[in-house]
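Read the structure below first, then the notes.
Derivation of every value follows stated rules applied to the coordinates shown; laboratory data play no part. Predicted model, so just to flag it, every value in this text is computed and none were measured. So basically every Cβ, Gly included, is an ideal-geometry build from the backbone, and we count neighbours across all protein chains shown.
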Amino acid sequence: MIEGEHTIIGKLPRERLNQIASRKLAALGVPVRLGADRESLEGELVFTGRIAHPATGQPMTRARFLVEGHDRLRFLDPPLAGLGAVDFLRHDRVAALEQAIATALQEALAGLEDAAARLRAVPLEAVVDRERLVVRAVVQTSGHAFEVIGAGGRLRVSRVAPVGGRPFEVDPAFPALELDGLAGPGRLERFLVDALPRMAPGPGSLPTPGAVGGEIAATPPPRTALTLAALAEAFGADAMLSPGAQVELVQEFEQGGTRYRVVATREMGSRFRGRVIGPSGDLWSEPFDLASFPGAREILARALGLEAGAGAPPPARPAGAGGPSTHVQPRAGEVWVMNVVVEEDGPVEVRYVGTDIDGRPYGAARVLKRPDFEAVFTRGPGGWRLLVQLDQVAEGAVIYRQLDRARQPLGAPRRMAAAILVANFVPEASTR
């Protein structure tokens, strides 16, 4: 389509754009329907086996999508959600569209490997997440941990976790990270520290403890959205969902001038998969059971590192106060501890959830057979906990081994980013 036609199309009303898109997709044999907002088009592509899942290698059979404009699809679920908008208008057959998606996926994977190689040349430990089509690395300095993500051929700093402070999302306006000239000892670290004032949300100021961005405020749904309140009014609170019906619930919030979306997609019965989506992608994504779900606002607060049930983080713990020690720099030879909360202590299985360094549960509950649970976790003065011994500390990461109940190493050594360690573990010496 030439530039003039793009200009004309851009001025058409949404209804007309939907008509153009739905006519083309119908010609391809792809059905669409109006979404919950009664304005957007959505549907599902059924694949013939040309597309292999990048993480498992298994053929992908279907993928949900939204229509953007009159000519593009945006997939809703990983890994295809990482592709961005995909043009469908220029394809005459659905098989050609499927092949184009498969090609785009392979190109995206090649781009991830290229980004990972660039990060490793710095050098940084880069992890390729083939499920979400991103590459991640953590740059550790004495005062901060910087999360760097790469997707779509672009590297950017996505999140900053101050040591002893509250993490924050980097302003999306912060420029992409150019690694040329930053290789070599300390260069990248010095660049990131110098750029901190430009990364923080808001007009150039770093968030302070207790004022990371203000209260979390729910944003009103679109005027035409179908809400739970409208359904309850029409059918009554005792109306039931079909046991196998697919349901996706969405609630949007704003905090500190940044918009976030909490999404819950039903998997089966009362089991859902939850996501918290920010400007740079997912902040949290895990399955949960409806009975243990604390609410969308609470989940967002936890994902942002705020005080559970509130819109602002707790005040900084003064030096020498009780709780975890102010010593947060890991050292080789130390034993670190993560506490867990046991929700169901059964004779066959144990259901538990991990806690952060302030003792707040986070993430979804997990279930282990009792012998497996007792082999990994040990009972201490404050309850059950996981012990790890640090073998090495270097380049923003730690090499560690889990300890069993007899405090003997369990399994092979593993690697973890130091920023993750200090966010979820505390030195055992500080708990005595």
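Normalised by 2.2 N^0.38 Å, where N counts its residues, the alpha-carbon radius of gyration of region 217-303 equals 1.14. Calculation over all alpha carbon pairs of region 20-178 in 10 angstrom steps from 0 returns a P(r) of 10, 33, 28, 20, 8, 1 percent.
Let me spell out the model: positive unit charges on the Cβ of Lys and Arg, negative unit charges on the Cβ of Asp and Glu, origin at the Cα centre of region 114-199. What dipole size does that give, in debye rounded to 20?
Working: 12 positive and 11 negative charges, 10 e Å.
With Lys and Arg at +1 and Asp and Glu at -1, about 40 debye.
Projecting the Cα atoms of Gln246, Leu300, Ala232 onto the charge dipole of region 217-303, computed from C-beta unit charges around the Cα centre, puts Leu300 farthest toward the positive end. What is the local net charge at Thr48, summed over the other residues whose Cβ is closer than 15 Å to its Cβ (Lys, Arg +1; Asp, Glu -1)? Value of the local net charge: +1.
Relative to 2.2 N^0.38 Å, what does the C-alpha radius of gyration of region 114-199 come to as a ratio? Two decimals please. It would help to have the intermediate numbers written out before the result.
Numbers: Rg = 12.2 Å, N = 86, 2.2 N^0.38 = 12.0 Å.
My calculation over the Cα atoms of region 114-199 gives 1.02.
Inter-part distance, region 103-155 to region 43-61, computed on C-alpha centroids, equals 24 Å. Note that region 188-195 has calculated 3J(HN,Hα) couplings of 5, 4, 5, 4, 5, 5, 5, 8 Hz, one per residue in order, obtained from phi through the Karplus relation 6.51 cos²θ - 1.76 cosθ + 1.60 (θ = phi - 60°); glycine and proline are x. The Stokes-Einstein estimate for region 3-113, based on a Kirkwood radius over Cα pairs and taken at 37 °C with 0.692 mPa s viscosity, is a diffusion coefficient of 224 µm²/s. All other residues whose Cβ lies under 14 angstrom from that of Arg93 are scored, Lys and Arg at +1 and Asp and Glu at -1, for a net of +1.
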